[in-house]
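Structure, as structure tokens:
Nothing in this text is a laboratory measurement; each read-out follows from the coordinates by a stated rule. Predicted model, so just to flag it, every value in this text is computed and none were measured. All Cβ positions, even for glycine, are placed from backbone atoms using ideal geometry, and neighbour counts span all protein chains on display.
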Amino acid sequence: MNTHNFHHRSMISANNGLGHDRAGGKTTRIMTRRAMVGFGCLALAFLVAVHLYLFLTVIQRNGTTTTTTSSNIHSFSNSTTPHKYLPNPLIRGSKKEQKIQSINEFKLTPLRPIDREFYTIRINTWRRPKQLVASVLHHASCPGTHKVQVVWCDHENEPPAELLDPIINRHASKVVIEYHEANSLNERFRVLDDPETLGILSIDDDVLRPCEAIDSGFFKWVHSPHRMVGFDARAHVENADGTWSYGYLSTTRKENRYSMSLTRYCFLHRDYLDHYLEHLPTIIIEMVGQNFNCEDIAMSFMISSLTQGQPSLLADTWAMNTQMKLRVEDKISGGKDHKKLRDECVDSFAQMMGMKDETSSIRLQKAKILRSKTLYFESGAKTDDKMNDSYPKSQREIQHEEMIRKWKSNGPGTIKTALGTMMRMTGKGAYEMGLLGSTGDEKKKEEQQQE
């Protein structure tokens, strides 16, 4: 064998081996990088999965208070515990970051002729069938009532059959039952059956007023549809430590000043119902849902914040004083934490909406309740008339103004007689059902319990 050739082949083999070693090292480094990239991707995917899981969990937990409603019931969370006091740290968190739209960003739908003559009633109810029937039978009979919407959140019981029975209820064609999925006071503002009127009369199931008294509030609302027009005035109290609290009826009367109205009997624009659910800070919606309370404070404050801090308007004094409370056994205001919770609602909601700041243009204002020595008319804040004068007054408004003109002309005796007749006619059905008393002591006791 040629030594030179052997040596040459050996050098080639050695060089080839060295080439394989270098290639192998390069391959190893590439595989290492790919492995690191792979592990990084897996770690990132794991983190994304964890965050997605946590997000879905939060959504699921919050579902009981923000569930979208429909007319068909598919599921029901049997949440009937009335009072779950929400601790201060949760209520007070992130207040500055949660502000609702300003009035410059929110425009109401203009009124049409039908809105100046008719209104839609929304009744909030919970397991008071007799009271509900009495309320619907009366309110559906009022000439200004276009429709009565019953907000039904009870999935264990059916609404009283009398509501839709044309033999018992001559105005059954006006009644609509809205079946809501969530059991929450927020649902009273969630519209399932879109009303044909922009004027909404929000009421509870245990309060009656004469149709003429309802018109007192309605026609005031027609002239100022951007304001709430209430029948139940309440005041906030500014404490020495800077906190605000809720003033009961006795406190409000003593001061003769108010800053809010209860939604158990008030007129408001239909657009405000959607605005409440879509633009209020989530923490407010959750607090109302969890505690079965304070939706009235939230709505009243929201509308005031959209109208430069002005309090709601009030119906005439005579109309406010025609309230007839039906007998009920269980009241939401009977819980031991009720006052404490409403104090927290007033303070927290006002803070979140920017209404406590003394330099703010939307700081919550107060107004006198009684502005007339006759104690029959001229109650509450003064109106800022927004009515479109291109539309003439409805025939019903003209008739209502004529009634008031006669009252003022004939004096207190005529007014008292007319009011007595109205009250008897309004309460006749409820009295026959055993839902109204006739003693002065019972009326006095009811007034003492006013929240």
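Classify the range 89-448: rounded, prolate or oblate, from the alpha-carbon gyration tensor (a ≥ b ≥ c, eigenvalue square roots; a/c under 1.5 rounded; otherwise prolate if a/b is larger than b/c)? Let's see the in-between values first.
Values: a/c = 1.35, a/b = 1.20, b/c = 1.12.
In terms of gyration-tensor shape, rounded.
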Vicinal HN-Hα couplings computed from phi for the range 204-212 (Karplus, 6.51 cos²θ - 1.76 cosθ + 1.60; Hz; Gly/Pro x): 8, 7, 10, 10, 10, 9, x, 4, 5
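How far, in nm, would the chain grow between Thr251 and Lys339 when pulled straight, counting 0.36 nm per residue and subtracting the alpha carbon separation? Show your work: numbers first, answer last.
Working: separation 88, 0.36 × 88 = 31.68 nm, distance 1.31 nm.
Here the answer is 30.4 nm.
Please give me the summed charge of the neighbours of Thr417: other residues whose Cβ is under 15 Å from its Cβ, Lys and Arg +1, Asp and Glu -1. Intermediate values should be presented prior to the final figure.
Details: positive: Lys406, Lys408, Lys416, Arg424; negative: Glu212.
Charge balance in the 15 Å sphere: +3.
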Per-residue HN-Hα couplings for the range 357-367 [Karplus 6.51, -1.76, 1.60; θ = phi - 60°; Hz; x = Gly/Pro]: 5, 5, 8, 7, 6, 10, 4, 5, 9, 10, 9
Considering only the range 89-448, what is the antiparallel percent among its DSSP beta bridges, to the nearest 5? 50 percent
Per residue of the range 380-385, what does 6.51 cos²θ - 1.76 cosθ + 1.60 with θ = phi - 60° give for ³J(HN,Hα)? Whole Hz please, x for Gly and Pro, Karplus curve as stated. x, 4, 6, 6, 10, 4
Got a sec? How would Trp221, Trp244 order by Cβ neighbour count within 10 Å, fewest to most? Trp244, Trp221
